[in-house]
Amino acid sequence: MTRSIPRRSWHCSWRNLPPRASAVRRCGGAAALDGVGVSEGAINLPETRISLNQMIRAHQNALRLSQDPGFAYQLGLRCHVPVHGMYGFALLSSTSFRRTIDFAMRYSQLAAPLVHLDFSETPASGVWTINPLTHSSLTPHLYRYLVEFQIGIHMALHRDVMGKDFRAQKISLTFDLPMEFEKYSRMFDCPVLFNQKENQILFDVSWLDRRSELGSEVTFNAVTKICDDLIEDLRLRIGFAGRVRQFLLNSLMRPLRIGDVAKHFDVSERTLRRKLQDENTSFSQIVDDLRLDLAIRYLRETVMTVDDIGYALGFSEPTNFRQAFRRWTNATPSDFRADARKI
């Protein structure tokens, strides 16, 4: 049984990014927020929303400012239930741990906008699979940082909900050992495997059949309704541009012009351009962003040739794809793939 949640460029509360650890604290809030576009005073305001790019910039700052190789995991461990607002409250209110997992998957976009999450079960284990989003700023170091950060969040939430005795059976990672093996295993408090196919947390499947001491059916249903409203708010933020992106995603190998898209949505080209401009984007920007996201995924996760990737993304000639990719990332597709495999 495997369930997955598609990732999108959500807006989300800043409270997913609590500034933590002495390296960041010593340098001050201004350095931690450099280039983010959010003031120190706005960090803890509930109405504050930040974009995916702003969140990535904040994590880039944390990675740059911290000298502790275990910083990302320790930061994740600080993200307890209260940090996640109504999402966290619902996790506590669930009446069984299996139901908690179901809720966590259904609403993961409220709490984990930087990664794609899967959950599956084997006869012996519950298995979380963690894949950072595809983004042009995702360097090998940031990739490892986001994986370790999300593992820390998972461990913190599991212990908050299931009890402090919760332990992972094993952690698998796609990258090489970044520090002394003993130190790394001690940090995670379980066996750790490197150079694996997936980033995964495995835990004893019997945890899923236990019942929560804090569970309340009435409270859980009420909080779930609030989370439904939050999801709807996020869906509305995607707007018309999101619908155009989805249509293009399903038709990318065909060379679609803006007129084809306007016809699909039964609007004129002028109206389509205006609707996208009202959402601060354009047809060409959506096409470029979509092609970049998919190119990064193909280069990182498949053995497709660069030429085949270019054709799959709708480019008429491989040289056009190579030129576009260099314009997007300042790297050739081959160099990007080589760097990704060094993770």
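Here Asn330 and Ser284 are evaluated by their C-beta separation; at R0 = 22 Å the FRET efficiency comes out at 0.70. Highest mean packing comes first when the peptides 215-221, 123-129 are listed by Cβ atoms within 10 Å, giving 123-129, 215-221.
Considering every alpha-carbon pair of segment 134-291, the percent of pairs per 10 Å bin, from zero through the bin containing the longest distance, is 8, 23, 20, 23, 19, 6, 0. Building the convex hull from the alpha-carbon atoms of segment 57-205 and averaging its projection over directions returns 8.7 nm². Only aspartates and glutamates eight or more places from Lys170 in sequence, or on another chain, were considered; those with a Cα closer than 13 Å are Asp189, Glu198, Asp204.
Where does each of Asp293, Asp339 land when they are ranked from fewest to most other beta-carbon atoms within 10 angstrom?
Asp339, Asp293
In this label model, Arg257 and Arg159 are separated by 6.0 nm, measuring between points 7 Å along each Cα→Cβ vector.
The calculated FRET efficiency for the pair Val205 and Asn53, based on their C-beta separation and a Förster distance of 25 Å, comes to about 0.10.
Can you list the aspartates and glutamates whose alpha carbon is less than 14 Å from that of Lys275, not counting same-chain residues fewer than 8 positions off? Straight-line reach from Lys275, under 14 Å: Asp266.
Only Cα sites of segment 239-340 enter the Debye sum here, all with the same form factor; the resulting log10 I(q)/I(0) across q = 0.11, 0.12, 0.24 1/Å is -0.36, -0.42, -1.22, listed in q order. Over segment 239-340, Cα pairs under 8 Å with separation of 6+ residues give a relative contact order of 25 percent.
Bear in mind that the values in this text are calculations on the coordinates, not laboratory data. Being a predicted model, the structure only gives us computed values, none of them experimental. Here the Cβ is made from the backbone with ideal geometry for all residues, glycine too, and neighbour counts use every protein chain on show.
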